[in-house]
Structure formats: structure tokens, C-alpha cells
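FYI, it's all coordinate maths here, none of it is from the lab. Everything numeric here is computed off the predicted structure, so don't read it as measured data. FYI the Cβ positions are ideal-geometry reconstructions off the backbone, even for glycines, and counts take in every protein chain you see.
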Amino acid sequence: MRISLENLSKKFGTVEAVKKLNITINDGELVSILGPSGCGKSTTLFLIAGLHKLSSGDIFFGDNKVNDVEAEDREIGMVFQSYALYPHMTVLKNIMFPLKMKKVHKKEAELQAKEIAKLMHIDELLERKPSQLSGGQQQRVAIARALVKKPKILLLDEPLSNLDARLRIELRDEIKRIQKQVGITTIFVTHDQEEAMSISDKILLMKDGECQQYAAPKEMYMNPANEFVAKFLGNPPINLIKGTRVGDTSSVQIDGTDIKLNLDRYTPNFNTTNQQITVGIRPEDLFIAEKDYSLIGEIASLQTLGKEIYVKTKVGIYEITMVTPWDIDLKIGDSIALGIKKIHIF
């Protein structure tokens, strides 16, 4: 089912939670709505679900406008952060419950519930009660319950937030597998950038109710639309350095240092009339180079993380983070030169 949002807006009193949002989600895509707390991502999901009424704009499911269609008639399945399972029912009866409400015959409902439980890898848990399940198992049951009625759209509102880190990775892989197997259009709300990057066909990144960028994960990471997008994606975060253009040239004097960068070397299509520029450099786009190469500084700290090391180097008034292989011999206080593979200009 294709979803189109046209000038979607929502106000709560004087607060504009969503501002003229325009995106299209293609049939069968998994799109993550990503952003910091209060950016409007859950509000957008609730508008699509019909749990909030629009202030203005339109929502289309396929070619049908659903602005005034009640939530229960939108043919959606929804999974929340809380599992919301019925504690007195078995797993099987929890999954069957939506079919019972649709008055599906008991034997047919049981067959469909067992099929979806097998898909979710919980078919051995059908006679257990929710209290006998782990958090990950309970969330699988909640997803199975949403899918059993064969909705046209699946909406997931931070479904993995209550799980530990390892289980989150396992379950997000399962969600991706199931979504592709079923072929259902899915919207996944999260504040976790790694979750969004790993699971999504596209990401809608929001801030203050507005779309900052809507693109495939790789495109968004490699070509961020603005400074906010660049800062929000990436761990460790992108290095941002202020600079001033030298006359009308492509050289930039890095503020607080005597270092000049020739931007033509790193961005062949460099074109701006701005005198004040922010240079963004991803930590993985830095490497140890010859002394006369680029940014010279002193190592301030080293953080070893298994296969790689985060090296923080003091360059003038800036602390620049670089990612290096763990087997490079570095010491705090060493003077090093940082070569640059790629930069972003804001």
C-alpha cells in the first residue's frame, strides 16, 4: 500500500508539532521516522494511524484519501513500545484476539495465528502466558498480533526501546526479515540512528516538526542535506570546524589556527559565495598523514573499542575525532598530522 502525506500539519494549541510534511512511501517499503525527542515523529505516526486528527493537509492510502476514516477502518496493524498483551490469555489467544473481534471462525483464527507465530519463531510458546516470556518474546507476540489480521500497513512506535542492546539487534533483524517476507508497507518510529540505518529502505529525519531529509540511509549519510542531518547521523559524530574563506578563493582559514584548507582538493564541485563556512569531516574520513599534509595536532585521548580506536586530537581550538585500526601504535601527547579523504561543506 502506497502512503502519501501532502502538506501534513498538526497543532496542539499554539504548538505546531508537524509542519507541512510532504513525503511518499512506496508499496512494500520500510521507512523509519527518526529524530530527537519532541521532533514530531510519533505524532506523524498517530496521524497516519488515525489516532490524531489532522489540523491541515491530506493522507492518502493508495489513491484513497483517509483524512476522515476512523482508525479501526484504516486496515493498519500497530505495535507500541509497551507490549500491551492480555496477561490472563495464552500467547495463542493473544494472537487470535484481533480475529475474534472480526468474528473469524475459531478454527480458522487458530490456524492463522499458528501460521503467523511460526513466521515470528514463537510457535513453541503458544501455550505460555505473557508473564512466562522474555521481553523479546513478548514483543514478537505483539508484532504477530498486529500482523495476523493481514493489515495493509504496519506501524511500529519505538517497539524495541524496552529491550537490551543485544536483543534489539536480534529483533530488528527479525522485523526486517518478516517485513520483506510479508511485503507489507511499514513505518518504524525510532530515536536510534543505528536502528534506522540498519533496518530502513528510507529514513525520514525530522526536527521541530519538519522534514530535514528524506532519503535512503546511505544517501543521507554520504550526502547530508544540512548540518543537523550530518550531526545526527554517525557514531562517533562528525567533526565540525568553522572557517573563513580567503578572499574569493576555495581556500578556507580554519578559525583559531594558522591552517588553511584548499577545498577544491576534497570537493571538486565546491561553489559558495559565503565567507563563513562550516567544514564537516567524518572521523572515518581522517587518517594519519605526512606532517605537511593537513591538520596538525596533539593526541588528547585514545579510546580502544575492539577492532578500532577513537583518537581525539587537539587542533587549535578544536578537538578532532579520528577512527583508526587498533594495531596502530599511538600515545597521548604525540603530535600527528591528519590527512582528509572527504569533507562536507555547510
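When the Cα atoms of region 139-282 are enclosed in a convex hull and the volume is divided per residue, what value in Å³ results? Could you put the intermediate results ahead of the total?
Details: hull volume 22.1 nm³, N = 144.
Hull volume normalised by residue count: 153 Å³.
Based on Cα coordinates alone, diagonalise the gyration tensor for the chain, multiply each eigenvalue by 5, take square roots, and list the semi-axes in whole Å, largest first. Kindly include the intermediate steps, with their values, before the conclusion.
Details: eigenvalues 436, 128, 42 Å².
Listed largest to smallest, the semi-axes of the chain are 47, 25, 14 Å.
Roughly speaking, what is the stretch gain from Lys107 to Asn274, that is 0.36 nm per residue apart minus the C-alpha to C-alpha distance, in nm to one decimal? Before the final figure, lay out each step's value.
Working: separation 167, 0.36 × 167 = 60.12 nm, distance 6.96 nm.
Residue separation times 0.36 nm, minus the Cα-Cα distance, leaves 53.2 nm.
Around Ile296, which amide H atoms from residues at least 5 apart in sequence, or from another chain, sit under 5 Å from its own amide H, with H modelled in the peptide plane?
Leu338
Simple spin-label model, 7 Å along Cα-to-Cβ: Asp164 to Ser55 in nm?
About 4.3 nm, to one decimal.
Angle, helix 91-101 long axis vs. longest principal axis of the chain, Cα atoms, 0 to 90°, nearest 10?
Value to nearest ten degrees: 70.
Which of the peptides 200-212, 21-33 is most tightly packed, and how do the rest follow, going by the mean number of other Cβ atoms within 10 Å of each residue?
Numbers: 200-212: 21.2, 21-33: 18.6.
So the peptides 200-212, 21-33, ranked by packing, come out 200-212, 21-33.
Tell me, what is the FRET efficiency for Glu194 and Asn223 to the nearest 0.05, using R0 = 22 angstrom and their Cβ-Cβ distance as r?
Given R0 = 22 Å and the Cβ-Cβ separation, E is 0.70.
Go through region 208-260 and name the chymotrypsin sites (Phe, Trp or Tyr not before Pro) that are in a DSSP coil and have 10 or fewer other Cβ atoms within 10 Å of their Cβ. Walk me through the numbers on the way to the answer.
Values: sites: Tyr214, Tyr221, Phe228, Phe232; in loops: none.
Passing sites in region 208-260 do not exist.
Provide the gained length on full extension for the span Asp173 to Asp73, in nm with one decimal, where the gain is 0.36 nm per separating residue minus the Cα-Cα distance.
Length gained, Asp173 through Asp73: 33.0 nm.
Count charges around Ser4 for me, please; just the other residues with Cβ under 11 Å from its Cβ, Lys/Arg as +1, Asp/Glu as -1. Could you put the intermediate results ahead of the total?
Details: positive: Arg2, Lys65; negative: Glu6, Asp58, Asp63.
It works out to a net charge of -1.
To the nearest 10 degrees, how steeply does helix 165-182 sit against the main Cα axis of the chain, on a 0 to 90 scale?
Helix 165-182 sits roughly 60 degrees off the main axis of the chain.
Would you mind estimating how fast region 67-187 diffuses translationally, via Stokes-Einstein at 4 °C and 1.567 mPa s with the Kirkwood radius over Cα pairs, in µm²/s? Intermediate results must be reported in sequence, preceding the final value.
Values: Rh = 14.5 Å.
It diffuses with D of about 89 µm²/s by this estimate.
What is the ratio of the Cα radius of gyration of region 196-346 to 2.2 N^0.38 Å, with N the residue count, to two decimals?
Working: Rg = 16.3 Å, N = 151, 2.2 N^0.38 = 14.8 Å.
For region 196-346, the normalised Cα radius of gyration comes out at 1.10.
Compute the Kirkwood hydrodynamic radius of region 1-151, taking the inverse of the mean of 1/r over all pairs of distinct Cα atoms, and give it in Å to one decimal.
Details: mean 1/r = 0.0587 Å⁻¹.
Roughly 17.0 Å, rounded to one decimal.
Quick one: which of 12-19, 248-255 comes out on top by average Cβ neighbours within 10 Å, and what's the full order, highest first? Before the final figure, lay out the partial values.
Numbers: 12-19: 14.1, 248-255: 15.9.
Per-residue Cβ counts within 10 Å, averaged per peptide and sorted highest first, yield 248-255, 12-19.
Rounded to the nearest 0.05, what FRET efficiency do Ser301 and Asp63 have when you use their Cβ-Cβ distance and R0 = 56 Å?
On the way: r = 57 Å, r/R0 = 1.01.
Computed FRET efficiency for Ser301 and Asp63 comes out at 0.50.
Would you mind checking which residues have amide H under 5 Å from Leu204's amide H? H placed 1.01 Å from N; only 5 or more apart, or other chain.
Ser32, Ile33, Leu34
Taking the Cβ-Cβ separation of Thr257 and Phe12 as r and a Förster radius of 56 Å, what is the calculated FRET efficiency to the nearest 0.05? Each step should come with its number before you reach the end.
Values: r = 46 Å, r/R0 = 0.83.
Approximately 0.75, to the nearest 0.05.
How compact and how long is region 1-62, expressed as Rg and Dmax of its alpha-carbon atoms in Å?
11.3, 36
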